[in-house]
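Some notes on the structure that comes next.
Read the figures in this text as sums done on the coordinates, not as results from a lab. For clarity, every value in this text was computed on a predicted model and none was experimentally measured. Cβ atoms come from the backbone with ideal geometry, glycine included; neighbour counts cover every protein chain shown.
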């Protein structure tokens, strides 16, 4: 949370393409989430045993597999990934009696795909360490002249 950090792209070579940059964006999302889950697990009385995902980014099979590999957890993507709109509609339906309670609403959730770790943990940890090195290089990019 360094307000003086700036976005960087590191590790480019003459062979880097748009596809490499797109992949790096997906990896960045997964690495940030892995860091967040690590901190959450350190503070929680019990660690996560599964990650349930939703939203636009969750439709990326590549991102979901990277996430499962990094977290060493199943990543469960629902059939209905736009859960914000569904949640608003579900709460409205609950308010007018369409459903009898939260248990009935929870039963509506269906998994579309569950991603399980596939890559070796050591390889994932090495990739995460390289990403941390890159993030460190972006920190304090702007001088605080105040």
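Taken over the stretch 41-72, the residue count meeting the criterion of being assigned to a loop (DSSP other than H, G, I, E, B) and either more than 26 Å from residue 24 (Cβ to Cβ) or within 12 Å of the chain's Cα centre (by Cα) (or both) is 10. Taking each residue of the stretch 88-110 that is without any contact (Cβ under 8 Å) to a residue 24 or more places away in the chain and on the phi < 0 side of the Ramachandran plot and looking for partners that are in a loop (DSSP other than H, G, I, E, B) and surrounded by 12 or more Cβ atoms within 10 Å (Cβ to Cβ) with beta-carbon atoms closer than 7 Å, six or more apart or interchain, yields 93/99; 105/99. Do we have residue 109 as in a loop (DSSP other than H, G, I, E, B), in contact with a strand residue (DSSP E or B) (Cβ under 7 Å, 6 or more places away or on another chain) and surrounded by 11 or more Cβ atoms within 10 Å (Cβ to Cβ) here? Yes: the conditions hold for residue 109. Taken over the stretch 112-146, residues that are farther than 22 Å from residue 68 by Cβ and either more than 24 Å from the chain's Cα centre (by Cα) or loosely packed, with under 13 Cβ neighbours inside 10 Å (or both) amount to 11. On the given criteria, is residue 114 more than 26 Å from residue 2 (Cβ to Cβ) and assigned to a loop (DSSP other than H, G, I, E, B)? Considered against the rule, which asks whether it is more than 26 Å from residue 2 (Cβ to Cβ) and assigned to a loop (DSSP other than H, G, I, E, B), residue 114 comes out as no. Taking every residue in the stretch 44-61 that is at negative phi and pairing it with any residue that is in a loop (DSSP other than H, G, I, E, B), at least 6 positions away or on another chain, the pairs with Cβ-Cβ distances below 7 Å are 48/73; 49/73; 50/73; 50/74; 51/73; 54/81; 58/81; 59/81. Annotation: residue 11 fulfils all but one of (1) assigned to a loop (DSSP other than H, G, I, E, B); (2) over 15 Å from residue 133 (Cα atoms); the unmet one is (2).
Within the stretch 14-52, restricting attention to residues that are surrounded by 14 or more Cβ atoms within 10 Å (Cβ to Cβ) and touching a strand residue (DSSP E or B) at 6+ places or on another chain (Cβ under 9 Å), the residue that is farthest from residue 130 (Cα to Cα) is 52. In the stretch 73-91, the qualifying residues are those that are in contact with a helix residue (DSSP H, G or I) (Cβ under 6 Å, 6 or more places away or on another chain) and not in a helix (DSSP H, G or I), and the one that is surrounded by the fewest Cβ atoms within 10 Å (Cβ to Cβ) is 80.
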